[in-house]
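The structure appears right after this line, and notes come after that.
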Amino acid sequence: MKLCRFNNNRLGAVLGDTIADVSEALRILPHYTYPLPCFDPLIANLDAVLAQVSLLLPQAQRIPLASVRLLSPVGSPGKIIAAPINYTRHLEEVLADKGINNGVESFTQHIRKSGLFLKANSSLVGAGEGVSLIHLDRRNDHEIELAIIIGREARNVPLGKALDYIAGYSIGIDMTIRGPEERSFRKSPDSYTILGPWMVTRDEIADPGKLEMTLRVNGQVRQAANTSDLILGVRELVEFASRFYTLYPGDVIISGTPEGVGPVVPGDVMSAEISGIGSMEIRARAGGC
Ligand code: MN
């Protein structure tokens, strides 16, 4: 199932080039009171929601996919976890940028040493919302990444069971202002995390380690890679993250970007595609400062 959020917080099931409006399924969600839980209510109740969606589908109103504004498929994640350099060829490219030769060998364990980092939840948008670029005197780069959406509370997950804790997958774009500040600061402005176009439930992706990904800017291919080249794969990322903090339903892990990162400027249109998930277009405009 491909589940999306669209327009005014509607819930949709994506069927080819149409969306079935199944927003009524959200009625089964429990009402939470203050303090709010640190998980996403939709993902925490996903099985019950999907059962409702199946019941609603035959009578659901169909809307052309092209006519809606897509929001982030996860509305209220507890945290957005991001992997730093997690593809060898992107590591080579970063080292070359810094004038470092032959550093790859010593950096191969880099991600194990440096760990993961967090992006602000307030940076999260969907494809239809676009990205508002700030600090236009500096490079704002695109990073396409496979996004993992956690489905169950997870702590110290064994590698062999890691996939059982995943609800589904999306495409993630980790927008990044280049510069000297801490990663999470440069990657957390409003709209700098794009998730979409929808969530594909785990059952539809037989092997998350064999997905083709492509990112184009104005039609030109910038990044093209396969998740088989991840240094820490999907299972390893879930295992690694869950050894440091509890993962909750709706937590998002963006798995790192391959080589080919490059600048995005206002007016550019990014198109991102991952096999088995789909594709999305994101428009870049000038933001506030
Ligand atoms: Mn990244």
(request) Give the residues of the range 199-217 that are farther than 26 Å from Gly262 by Cβ and of a type outside the set (S, T, N, Q), sorted by residue number. (result) Met199, Val200, Arg202, Asp203, Glu204, Ile205, Ala206, Asp207
(request) Kindly establish whether Phe240 is more than 19 Å from His90 (Cα to Cα), within 16 Å of the ligand (Cβ to nearest atom) and modelled with pLDDT of 95 or more. (result) yes
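Residue-by-condition table, conditions (1) in a helix (DSSP H, G or I); (2) modelled with pLDDT of 85 or more; (3) in contact with a Phe, Trp or Tyr (Cβ under 7 Å, 6 or more places away or on another chain); (4) on the phi > 0 side of the Ramachandran plot:
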position	(1), (2), (3), (4)
Glu93	yes, no, no, no
Ala96	yes, no, no, no
Asn101	no, no, no, no
Glu105	yes, no, no, no
Ser132	no, yes, no, no
(request) Select, from Leu42, Leu65, Leu15, the only residue that is farther than 18 Å from Asp203 by Cβ and touching a residue at least 12 places away in the same chain (Cβ under 8 Å). (result) Leu65
(message) Name the residue that is farthest from the chain's Cα centre (by Cα), counting only residues in the range 53-86 that are at pLDDT below 95 and either surrounded by fewer than 21 Cβ atoms within 10 Å (Cβ to Cβ) or more than 16 Å from the ligand (Cβ to nearest atom) (or both).
(response) Ile85
(message) When you check Met213 against the structure, is it assigned to a strand (DSSP E or B), in contact with a Leu (Cβ under 8 Å, 6 or more places away or on another chain), more than 16 Å from the ligand (Cβ to nearest atom) and under 25 Å from Leu65 (Cα atoms), yes or no?
(response) no
(message) The conditions are (1) within 16 Å of the ligand (Cβ to nearest atom); (2) surrounded by fewer than 23 Cβ atoms within 10 Å (Cβ to Cβ); (3) within 28 Å of Pro158 (Cβ to Cβ); (4) not aliphatic (A, V, I, L, M), and Gly256 fails exactly one of them. Which is it?
(response) (2)
(message) Name the residue that is surrounded by the fewest Cβ atoms within 10 Å (Cβ to Cβ), counting only residues in the range 116-148 that are basic (Lys, Arg) and either within 12 Å of the ligand (Cβ to nearest atom) or farther than 18 Å from Met270 by Cα (or both).
(response) Arg138
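Counting just the residues of the range 149-179 that are away from the ligand (no atom under 13 Å from the Cβ) and closer than 18 Å to Ile274 by Cα, which one comes out surrounded by the fewest Cβ atoms within 10 Å (Cβ to Cβ)? Walk me through how you get there before you give the answer.
At the first step, the residues of the range 149-179 found to be away from the ligand (no atom under 13 Å from the Cβ) are 149-170, 179.
So of that shortlist, the ones also closer than 18 Å to Ile274 by Cα come out as 149, 166-170.
Values: Ile149: 26, Ile166: 22, Ala167: 24, Gly168: 25, Tyr169: 26, Ser170: 30.
Across the range 149-179, the extreme among qualifying residues is Ile166.
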(message) Taking the conditions exactly as written (of a type in the set (S, T, N, Q) and either crowded, with 20+ Cβ neighbours inside 10 Å or in contact with a helix residue (DSSP H, G or I) (Cβ under 8 Å, 6 or more places away or on another chain) (or both)), does Thr201 satisfy them or not?
(response) yes
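Against the definition (exposed (fewer than 15 other Cβ atoms within 10 Å of the Cβ), away from the ligand (no atom under 16 Å from the Cβ) and farther than 24 Å from Met1 by Cα), how does Arg89 come out, yes or no?
no
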(request) Determine, yes or no, whether Leu247 is within 14 Å of the ligand (Cβ to nearest atom) and modelled with pLDDT of 95 or more. (result) no
(request) Among what's in the range 180-195 and is touching a residue at least 40 places away in the same chain (Cβ under 8 Å) and assigned to a loop (DSSP other than H, G, I, E, B), pick the residue that is surrounded by the fewest Cβ atoms within 10 Å (Cβ to Cβ). (result) Asp190
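The values are calculated or read from the model by the stated rules, or taken from the named source; none is laboratory data. What you see is a predicted model; the values in this text were computed from it and never measured. Virtual Cβ from ideal backbone geometry, glycine too; neighbours counted across all protein chains shown.
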